[in-house]
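Structure record follows, encoded as structure tokens.
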């Protein structure tokens, strides 16, 4: 019989990055969406969204304001996606299928990167997909539906996929595009 204690270490989960990217779209003068709204937007339960925010706060990727509303630390998120997230959530590929374009095959990179001749584009498998390509399994199973509902979120998720699965040139372009999208004013620090 082991006397080992459980490890209390907080570990980020894929849905946490999904929630953070959705919250990164909230402008400084807007209120963060409710957990019920996040769950509807992202295909999570409200408790999953709440737990994702809690882990993001512990990981210093988000803060809560005086009213308890989450705000993303945009610079921290940008650095995490650029330098760490692809190692935490590595790309997994699969067979050809019908799906939703991602990586270089989706906006905004689809205008900057020419698909290699004869290579199928990366897609998230989805029954309502419009493109046949190579499966790039999404960060979280609900990503295709969330992306189809929100084009801005689709762009951030596709940029993340280009960073984690793309060529060096695609990664560089994705980092530049991500920087542009996350360059909005950082929220004011919250008093402790």
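Within segment 1-57, being touching a strand residue (DSSP E or B) at 6+ places or on another chain (Cβ under 8 Å) and in a loop (DSSP other than H, G, I, E, B) holds for 24, 26, 32. All conditions but one from (1) more than 30 Å from residue 27 (Cα to Cα); (2) at pLDDT 95 or above; (3) exposed (fewer than 11 other Cβ atoms within 10 Å of the Cβ) apply to residue 118; the one that does not is (2).
Just one of the listed residues (30, 48, 40) is more than 18 Å from residue 139 (Cβ to Cβ), modelled with pLDDT of 95 or more and either out of contact with any helix residue (DSSP H, G or I) (no Cβ under 8 Å at 6 or more places or on another chain) or buried (at least 18 other Cβ atoms within 10 Å of the Cβ) (or both), and it is 40. Could you tell me which residue of segment 108-140 is farthest from residue 173 (Cα to Cα), considering only residues that are in contact (Cβ under 8 Å) with a residue 60 or more places away in the chain and within 17 Å of the chain's Cα centre (by Cα)? Going through the qualifying residues, I end up with 140. Residue count for segment 106-151 under the criterion of being within 20 Å of residue 22 (Cβ to Cβ) and out of contact with any helix residue (DSSP H, G or I) (no Cβ under 8 Å at 6 or more places or on another chain): the result is 5. For residue 100, the requirement of being modelled with pLDDT of 95 or more, under 18 Å from the mean Cα position of the chain (by Cα) and in a strand (DSSP E or B) is met.
Residues considered: 139, 148. Of these, the only one that is within 21 Å of residue 182 (Cα to Cα) and in a helix (DSSP H, G or I) is 148. For segment 72-100, what are the residues that are without any contact (Cβ under 8 Å) to a residue 12 or more places away in the chain and under 19 Å from residue 54 (Cβ atoms)? Residues satisfying the conditions do not exist here.
The values are calculated or read from the model by the stated rules, or taken from the named source; none is laboratory data. Just so you know, these numbers come straight off a predicted model, no measurement behind them. Cβ atoms come from the backbone with ideal geometry, glycine included; neighbour counts cover every protein chain shown.
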